[in-house]
């Protein structure tokens, strides 16, 4: 059994993505979240499971190319593409003209590691 299945990651990420827009009746629907935002919320809501994965949240300077943010983005992309996950959609945020994407939580700052090398994946619930 994969760690994804063992930790019931789809269920946990679906809970994390259960957010509403600041304007609930807006036609754009639910907001998207980046893999970093999802990983940070996962660490906050599910610390035991986060520690089981044994990787950092991610970001520039962690000294590791494999992070929880990357793991979540890769697994969601793969499982959405295969049709296994049907209630979450993914898109890309174009990196042109962006300089720094920084996340703050628990007294820490995380800077997105890929700068402008790749478009940033974003995800949201569709149900």
Peptide ranges 90-101, 49-60 listed from the most packed, as the mean C-beta count within 10 angstrom indicates: 49-60, 90-101
Computed over segment 68-127: relative contact order in percent, which uses C-alpha pairs under 8 Å that are six or more apart: 38
Per-residue Cβ neighbour rank within 10 angstrom, fewest leading, 36, 103: 103, 36
Relative contact order (%) - criterion: Cα under 8 Å, at least six apart; region: the chain: 28
Residue-averaged 222 nm ellipticity for the chain, from DSSP H runs of 4+ at -39500 (n - 2.57), nearest 500: -10000 deg cm²/dmol
Exposure proxy ranking, count of Cβ atoms within 10 Å, fewest first, for 22, 105: 22, 105
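Values in this text are rule-based calculations from the coordinates and carry no lab data. Remember, predicted model here, so these are calculated numbers, not experimental data. All Cβ positions, glycine included, derive from the backbone under ideal geometry; neighbour counts span all protein chains shown.
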